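The structure appears right after this line, and notes come after that.
No lab work stands behind these numbers, since they all come straight from the coordinates. All of these numbers come straight from a predicted model, not from anything done at the bench. Ideal geometry is used to build each Cβ from the backbone, glycine not excepted, and the neighbour counts take in all protein chains shown.
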């Protein structure tokens with residue numbers, strides 16, 4: 001009888017312990033969700049304000065206190081933006097430059113990353129050291145040498161001037177090298193024994209193994225190129241070669257056009273953000289996968 005009572009008491013205590021642990025877990029989880037929700041709200045609030053303001057009337061934009069949800073939804077800001085700026089032209093320039101820069105980075109960074117990760121050649125450590133050193137150099141420090149080089153090559157006011165300085169980056173090389181180092185050497189050696197050449201191994205074996213890294217690099221490069229403002233501003237004086245951020249900033253600083261055009265500026269900013277969101281939504285699965293597998297080797 002005593003043994004049965006002891007067993008029952010032990011089971012009850014164990015159930016109470018599990019229940020207390022579950023309550024603590026639920027409380028901790030609830031606090032975590034609240035903190036994450038606040039962080040998400042703080043992060044997205046400016047973007048929500050920008051997106052909603054693009055559809056507001058001038059009365060809503062100047063209302064006090066501020067009005068979050070438009071009382072009268074309107075597309076007048078977008079219509080005025082297209083009247084004042086050659087938006088299709090600037091959108092085409094930004095898209096063309098961003099796509100070419102992204103494709104160039106995917107090709108050149110993956111090729112050099114493969115060479116540094118899987119091939120043995122003289123000067124390999126020196127090249128990798130240069131890549132690591134380039135990661136420590138601030139990008140703004142390279143603006144003057146890049147401008148002088150592009151000017152000496154007579155490439156100012158051309159698409160080449162916008163593309164070439166960003167055609168490959170140290171971060172992309174380092175990222176691809178790290179991911180490609182995780183590809184088993186035995187797999188490559190087996191392919192070489194079967195007579196496969198390095199180009200075939202690179203395209204058919206290694207590249208499929210690092211798709212998450214390629215997607216991550218695509219997001220970072222496309223976002224950086226699309227939002228790049230300072231270099232396109234320096235490298236182009238021809239209005240026809242302006243990218244969308246440069247054209248929008250030029251419009252914002254022109255008092256004859258931008259006076260009282262806050263809604264138009266919000267509409268332009270909304271158009272600038274849309275492609276970046278689209279790219280991230282399409283590639284987010286691979287981006288998440290690359291983060292999840294970054295430490296697995």
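Could you please rank 64, 166, placing first whichever residue has the fewest other Cβ atoms within 10 Å of its Cβ?
On the way: 64 5, 166 21.
Fewest to most other Cβ atoms nearby, the residues stand as 64, 166.
In a solvent-free Debye calculation with one equal scatterer on each Cα, what is log10 I(q)/I(0) for the range 193-280 at q = 0.15, 0.24 Å⁻¹, listed in the order of the q values?
The calculated log intensity ratios at q = 0.15, 0.24 Å⁻¹ are -0.72, -1.17.
Counting each DSSP H run of 4 or more residues in the chain as -39500 (n - 2.57), what helix-only mean residue ellipticity at 222 nm follows after dividing by all residues, to the nearest 500 deg cm²/dmol?
Details: 15 runs with 216 residues, N = 297.
So the helix-based figure for the chain works out to -23500 deg cm²/dmol.
For residue 204 and residue 182 in the same chain, what is the full-extension length gain: residue separation times 0.36 nm, less their Cα-Cα distance, in nm?
Full extension of this stretch gives 6.3 nm more.
For residue 86 and residue 285, calculate 0.36 nm times their separation in residues minus their Cα-Cα distance, and state this gained length in nm to one decimal. Please list the in-between numbers first.
Numbers: separation 199, 0.36 × 199 = 71.64 nm, distance 3.47 nm.
Working it through step by step, the gained length comes to 68.2 nm.
Rounded to the nearest Å, what's the spacing between the alpha carbon centres of the range 54-72 and the range 180-254? Just the number, please.
Each part's Cα centre sits 40 Å from the other's.
For residue 227 and residue 21, compute 0.36 nm times the residue count separating them, minus their Cα-Cα distance, and round to one decimal in nm.
The residue 227-residue 21 span can extend by a further 69.4 nm.
Considering Cα pairs under 8 angstrom that are at least six residues apart, work out the relative contact order of the chain and quote it in whole percent.
On the way: 251 pairs, mean separation 80.8, N = 297.
Computed value for the chain: 27 percent relative contact order.
Within 10 Å of each residue's Cβ, count the other Cβ atoms and sort 61, 162, 135, 141 from fewest upward. Before the final figure, lay out each step's value.
Values: 61 17, 162 26, 135 11, 141 8.
With the fewest neighbours first, 61, 162, 135, 141 line up as 141, 135, 61, 162.
Relative to the compact-globule scaling 2.2 N^0.38 Å, provide the ratio for the alpha-carbon radius of gyration of the range 40-151. List each step's numbers first, then the result.
Values: Rg = 23.3 Å, N = 112, 2.2 N^0.38 = 13.2 Å.
Against the compact-globule rule of thumb, the ratio is 1.76.
Could you check the simple spin-label distance between residue 140 and residue 75, using points 7 Å along Cα→Cβ, in nm with one decimal?
Between residue 140 and residue 75, the label points sit 4.0 nm apart.
Of 90, 114, 159, how do they rank once you tally other Cβ atoms within 10 Å and put the fewest first? Provide the component values of the computation, followed by the final result.
On the way: 90 25, 114 22, 159 14.
The fewest-first ordering by Cβ neighbours comes to 159, 114, 90.
Of the listed values [x] 5, 18, 22, 20, 15, 9, 5, 3, 1, 0; [y] 6, 26, 34, 24, 9, 0; [z] 6, 25, 31, 22, 10, 4, 1, 0, 0, identify the label whose number matches P(r) over Cα pairs in 10 Å bins from 0, in percent calculated from this model.
So the calculated entry is the one marked [x].
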